[in-house]
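Quick notes on the structure that follows.
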Amino acid sequence: MKFYRRSSPAPRFQAMASDEMSETSAVTSSVQTGGLEQAMQMLSGLRNERFVVSRRRTGFGDCLWSLAAAWRFAKQTGRTLAIDWRGSCYLDEPFTNAFPVFFEPVQGIAGVRVICDDEINKCSFPGPFFPAWWNKPSIDCVYRPDEQIFRERDELDQLFQSQKDSDANTVVCDACLMWRCDQEAEREIFRSIKPRPEIQARIDAIYREHFESYSVIGIHVRHGNGEDIMGHAPYWADSERALRQVCNAIDKARGLSHAKPVKAFLCTDSAIVLEKVSTIFPDVWTIPKRFQAPQAGPLHKAGLGAEGGFSALIDMYLLARCDTVIRFPPTSAFTRYARLFAPRVIEFDLNDPSRLILIEETSQEFVAS
């Protein structure tokens, strides 16, 4: 999973109780929209609240999984959860919070108060902060090297595992937090957060037309198309072998029992993968999309605008409504939703990618490769 260096403005994370300039800045911002009295009430409320800020700019799988970890900590410690997805890889507007662009706004998730709209631009969260790096002046927070992001991920991991609270008023979760919460926390996030109605309508329309009358095998192949895919790289050390493994998994999935006629649905970020799989399985169906040129990098870039994000969400949510889902690699967060909710999943053994694992509800068994 690629960690992007910040190019968009840093958040306003200055401590307010002891910083008169920060108070003045926040008051001035609020005066413009509601008057001095309202501004002072906002400042007082922020001082008395404690926060967890979930900041991600990556793909939706990572965003939602990391959000689940942040929500779990907020729930355990009685904090307000702020969802800050500014600078998203799906938008070319660095000040816009991507969350309300793609998901219905929520005021709370299972007892946790949530801030998730563009009001995030007006918030000055109270210090001190955890991890300690965020106590630096805002101007120094604009650039964070990858080493710092990894360090913060480990610090947050240790905090979560300790089952203890932090003395900090604001805990900033600005790192990939996959595997840092239990599955029930993930399920709660996926149950509570819904795509915007216009996106959900497109998902439902495609489902009715192409899925409802079939037992659908959903196939997700994360290729990378030239980007740094980090932990996924071992699966593509031999690309021809990888594609044979995917096709083998499709054969195995077709051979399982199905209640309706079988239909295969492919989601991938690579035109080459689509071509190779379609050659062997001509009946495979996919939602038309504009692929990047070979080796040109990620499928969805900010320059494509919100439509790229809509396309990603449609694939993600349709995969979760398939009868059987094939995950390659299984380390991709994009299919985490499907992994938790699809009735049957086939994925590849992390220690031996040539071995397929069949997961049906709570059972798990190896399928001969």
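Yes or no: SER239 open to solvent by less than 60 Å² (accessible area, probe 1.4 Å) and hydroxyl-bearing (Ser, Thr, Tyr)? Criteria met by SER239.
With the condition kept exactly as written, say whether any residue in the stretch 55-70 is part of a loop (DSSP other than H, G, I, E, B), among the hydrophobic types (A, V, I, L, M, F, W, C) and buried (at least 23 other Cβ atoms within 10 Å of the Cβ). Looking for residues that are part of a loop (DSSP other than H, G, I, E, B), among the hydrophobic types (A, V, I, L, M, F, W, C) and buried (at least 23 other Cβ atoms within 10 Å of the Cβ), one finds none in the stretch 55-70, hence no. Scan the stretch 122-166 for residues that are in a helix (DSSP H, G or I), touching a residue at least 24 places away in the same chain (Cβ under 8 Å) and open to solvent by 50 Å² or more (accessible area, probe 1.4 Å) and the total you get is 6.
Among the residues in the stretch 299-310, are any open to solvent by 10 Å² or more (accessible area, probe 1.4 Å), at pLDDT 90 or above and in a helix (DSSP H, G or I)? Within the stretch 299-310, one or more residues are open to solvent by 10 Å² or more (accessible area, probe 1.4 Å), at pLDDT 90 or above and in a helix (DSSP H, G or I). Scanning the stretch 311-327 for residues that are assigned to a strand (DSSP E or B) and either among the basic types (Lys, Arg) or closer than 30 Å to ASP92 by Cβ (or both) yields a count of 1. For the residues GLU119, GLU93, the requirement of being assigned to a helix (DSSP H, G or I) and within 30 Å of ASP315 (Cα to Cα) singles out GLU119. Of the strands (runs of 3 or more DSSP E) lying entirely inside the stretch 167-284, the ones with 2 or more residues being touching a Lys or Arg at 6+ places or on another chain (Cβ under 7 Å) and in contact (Cβ under 8 Å) with a residue 40 or more places away in the chain are found at 170-173, 215-221.
If the condition is being small (Gly, Ala, Ser) and more than 12 Å from LEU81 (Cβ to Cβ), then the stretch 101-146 contributes SER124, GLY127, ALA132, SER138. Candidates THR335, THR331, THR362: the one that is at pLDDT below 90, among the polar types (S, T, N, Q) and touching a helix residue (DSSP H, G or I) at 6+ places or on another chain (Cβ under 8 Å) is THR331.
State yes or no: is SER213 loosely packed, with under 13 Cβ neighbours inside 10 Å and modelled with pLDDT of 95 or more? Yes, satisfied. Would you check if GLY111 is free of Cβ contacts under 8 Å to residues at least 60 places away in the same chain and either of a type in the set (S, T, N, Q) or under 15 Å from PHE51 (Cβ atoms) (or both)? Considered against the rule, which asks whether it is free of Cβ contacts under 8 Å to residues at least 60 places away in the same chain and either of a type in the set (S, T, N, Q) or under 15 Å from PHE51 (Cβ atoms) (or both), GLY111 comes out as no. Return the residue satisfying two criteria in turn: it lies in the stretch 101-116 and is open to solvent by 20 Å² or more (accessible area, probe 1.4 Å) and either assigned to a strand (DSSP E or B) or of a type in the set (Asp, Glu) (or both), and of such residues it is nearest to CYS89 (Cα to Cα). In this case the residue turns out to be GLU104.
Within the set ALA175, ALA185, the sole residue that is farther than 21 Å from TYR317 by Cα and open to solvent by less than 30 Å² (accessible area, probe 1.4 Å) turns out to be ALA175.
The values are calculated or read from the model by the stated rules, or taken from the named source; none is laboratory data. Note that the structure is a prediction, hence the values are computed from the model and not measured. Cβ sites come from the backbone with ideal geometry, for glycine too, and all protein chains shown count toward neighbours. These area figures cover heavy atoms from the full protein model, side chains too; ligands, DNA and RNA do not enter into them. Shrake-Rupley method; radii C 1.70, N 1.55, O 1.52, S 1.80 Å.
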